[in-house]
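One structure is given here, and the rest of the page talks about it.
The values are calculated or read from the model by the stated rules, or taken from the named source; none is laboratory data. Since the structure is predicted, the reported quantities are computational estimates derived from the model, not experimental observations. FYI the Cβ positions are ideal-geometry reconstructions off the backbone, even for glycines, and counts take in every protein chain you see.
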Amino acid sequence: HEQEPTKDEL
Amino acid sequence: MNIFRFAGDMTHLISILVLLLKIYATKSCSGISLKTQELYALVFLTRYLDLFTDFISVYNTVMKLVFIASSLAIVWCMRMHGLVKRSYDKELDTFRHYLLVAGCFALAVLVNEKFTFQEIFWAFSIYLEAVAILPQLVLLQRSGNVDNLTGQYIFFLGAYRALYLLNWIYRYFTEVRFSRWIACVSGIVQTGLYADFFYYYFLSWKNNAKLQLPA
């Protein structure tokens, strides 16, 4: 199960 | 973080500083839409709910706090500060912004990455940011004349959007796990809304003339 990408943008 | 993303964040920050400078130096907010500013405050407050749950970097946290604080400060000045408040073009700023809020919220409930409180508000903030400039553009259109600082404010906001698009293109090709289709589609819509303004901004810059929008 692939980890979700973090919301690293503003 | 790539150069486009960083340059995008910086032009976003500069746009807010230019607006604060205009309000502070001229004690006037003529030509600025309070409705757009309130929508931006709402955008930041709903998007950065993750301040309480996720830590990404000091840069990220500081920028989020700066965006929240500055957007609230601008709204406060326009509503509460005597001189600034008097210069507000209330009769021209009549865009029904609550319709945007309602529409974006409905869309966020229907289209989101996950049906959770935080994800729905994140999607809502992305949709709302895409259209939050509309009351501002309508106000400029109605008043016709655009002073230099207001023109520069919108120019930097538009530059921020364009740089974020380049950032997504860059990330798409360099990161395997990067997928932000909600943000990308909204970002394209948002940047498109500026295209018209940019055209007139470019014309006035080329002719070295005051920026005037056609009626």
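Please specify each residue of the stretch B:24-34 satisfying the condition of being surrounded by fewer than 21 Cβ atoms within 10 Å (Cβ to Cβ) and in a helix (DSSP H, G or I). Working first, answer last.
Initial filter on the stretch B:24-34 (surrounded by fewer than 21 Cβ atoms within 10 Å (Cβ to Cβ)): B:24-28, B:30.
Within the stretch B:24-34, B:Y24, B:A25, B:T26 meet the criteria.
Given (1) under 26 Å from B:C29 (Cα atoms); (2) more than 13 Å from chain A (Cβ to nearest Cβ), where does B:Y160 come up short, assuming only one miss?
(2)
Taking the stretch B:60-93, which residues are of a type in the set (S, T, Y) and either touching a Pro at 6+ places or on another chain (Cβ under 6 Å) or touching a residue at least 24 places away in the same chain (Cβ under 8 Å) (or both)?
Pass one, the stretch B:60-93, residues of a type in the set (S, T, Y): B:61, B:70-71, B:87-88.
Of everything in the stretch B:60-93, those that are of a type in the set (S, T, Y) and either touching a Pro at 6+ places or on another chain (Cβ under 6 Å) or touching a residue at least 24 places away in the same chain (Cβ under 8 Å) (or both) turn out to be B:S70, B:S71, B:S87, B:Y88.
Do you know which of the residues in the stretch B:51-75 that are within 10 Å of chain A (Cβ to nearest Cβ), of a type outside the set (A, V, I, L, M, F, W, C) and surrounded by fewer than 18 Cβ atoms within 10 Å (Cβ to Cβ) is nearest to the chain's Cα centre (by Cα)?
Looking at residues that are within 10 Å of chain A (Cβ to nearest Cβ), of a type outside the set (A, V, I, L, M, F, W, C) and surrounded by fewer than 18 Cβ atoms within 10 Å (Cβ to Cβ), I get B:K64.
I need a count of the residues in the stretch B:102-138 that are closer than 14 Å to B:L42 by Cβ and of a type in the set (D, E).
1
Only one of (1) assigned to a helix (DSSP H, G or I); (2) within 14 Å of the chain's Cα centre (by Cα) fails for B:V84. Which number is that?
All conditions pass for B:V84, except number (2).
Given the criterion touching a helix residue (DSSP H, G or I) at 6+ places or on another chain (Cβ under 9 Å), hydroxyl-bearing (S, T, Y) and surrounded by fewer than 21 Cβ atoms within 10 Å (Cβ to Cβ), identify the matching residue among B:Y160, B:Y194. Spell out how you get there, then give the answer.
Values: B:Y160 fails: surrounded by fewer than 21 Cβ atoms within 10 Å (Cβ to Cβ).
That would be B:Y194, the only listed residue that is touching a helix residue (DSSP H, G or I) at 6+ places or on another chain (Cβ under 9 Å), hydroxyl-bearing (S, T, Y) and surrounded by fewer than 21 Cβ atoms within 10 Å (Cβ to Cβ).
I'd like the residue in the stretch B:166-180 that is under 23 Å from the mean Cα position of the chain (by Cα) and within 12 Å of chain A (Cβ to nearest Cβ) and, out of all such residues, is surrounded by the most Cβ atoms within 10 Å (Cβ to Cβ).
B:N167
What is the number of the single condition among (1) modelled with pLDDT of 95 or more; (2) closer than 19 Å to A:E9 by Cβ; (3) in contact with a Phe, Trp or Tyr (Cβ under 6 Å, 6 or more places away or on another chain) that B:F105 does not meet?
Of (1) modelled with pLDDT of 95 or more; (2) closer than 19 Å to A:E9 by Cβ; (3) in contact with a Phe, Trp or Tyr (Cβ under 6 Å, 6 or more places away or on another chain), only one is false for B:F105: (2).
Of these, B:S186, B:S143, B:S204, B:S179, which one is closer than 16 Å to B:S33 by Cα and at pLDDT below 95? Before the answer, list the steps.
Numbers: B:S186 fails: closer than 16 Å to B:S33 by Cα; B:S204 fails: closer than 16 Å to B:S33 by Cα; B:S179 fails: closer than 16 Å to B:S33 by Cα.
Selected residue: B:S143, the only one of B:S186, B:S143, B:S204, B:S179 that is closer than 16 Å to B:S33 by Cα and at pLDDT below 95.
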